[in-house]
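Notes follow the structure.
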Amino acid sequence: MFTIDEVEKMLNEIAETLPKEWFRKLTGGINLSADAKLSPHAKGKDLYILGEYKRGSMLGRFIMIYYGSFIRVYGHLPEEEFKAKLEHTLCHELTHHLESLAGAKDLEIEDAKKLSQYLEGRERSSP
C-alpha cells in the first residue's frame, strides 16, 4: 500500500509530464484528499469516486483526487500499475476541465452512460 505522501509525489510527477495548456484556468489546481468517497449511486461498497472536476466554488476550477478511494480500489496493485490508474484518472478529470472551457459535455454524457449501465447491471443482479 502507498502512503498519501507517495501518491502525492506520483501525482506531481504525472502532472509535470502533461502539456501546460491543459492546466489553463485550473485556478484551484490539483488537490489530493485523504478521503475515500463512495458514489451516492453505489449499491454497496463497489463504486468509489476516484476523482472529480469541480468549478464554481471559492477555489474556482479544480480537480480533487481521492487517496482513500484509490487505496481501496487499487491499493493492491504494483506501483507502476497504480500510477497508471492515477494518470488515467487525472487525465479524465482534465478532459472534463478542457470540455468545460470549450462548452462541450461529451465526457459527461459518456460518464452518465457508464453509470446507467452500472445501475442496470445492479438491478438485474438484485434479488
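Just so it is clear, none of the values below were taken in a lab; they were calculated from the coordinates. Given the structure is predicted, the values throughout are model-derived calculations rather than measurements. Every residue, glycine as well, gets a Cβ built from its backbone with ideal geometry; the counts of neighbours run over all protein chains shown.
Summary of computed values
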item: Residues within the stretch 67-84 that are under 15 Å from GLY51 (Cα atoms) and in contact (Cβ under 8 Å) with a residue 24 or more places away in the chain, tallied; result: 9
item: Residues of the stretch 7-37 satisfying the condition of being surrounded by fewer than 11 Cβ atoms within 10 Å (Cβ to Cβ), assigned to a loop (DSSP other than H, G, I, E, B) and out of contact with any Phe, Trp or Tyr (no Cβ under 8 Å at 6 or more places or on another chain); result: PRO19
item: Test: residue in the stretch 99-108 that is farther than 23 Å from LEU38 by Cβ and under 16 Å from the mean Cα position of the chain (by Cα); result: yes
item: Residue within the stretch 38-56 that is without any contact (Cβ under 8 Å) to a residue 24 or more places away in the chain, under 15 Å from the mean Cα position of the chain (by Cα) and part of a helix (DSSP H, G or I) present; result: no
item: Checking PHE62 against (1) aromatic (Phe, Trp, Tyr); (2) assigned to a strand (DSSP E or B); (3) within 30 Å of GLY121 (Cα to Cα), the condition it does not meet; result: (3)
item: Scan of the stretch 14-37 for residues that are in contact (Cβ under 8 Å) with a residue 40 or more places away in the chain and under 18 Å from ILE71 (Cβ atoms), ordered by number; result: ILE14, ILE30
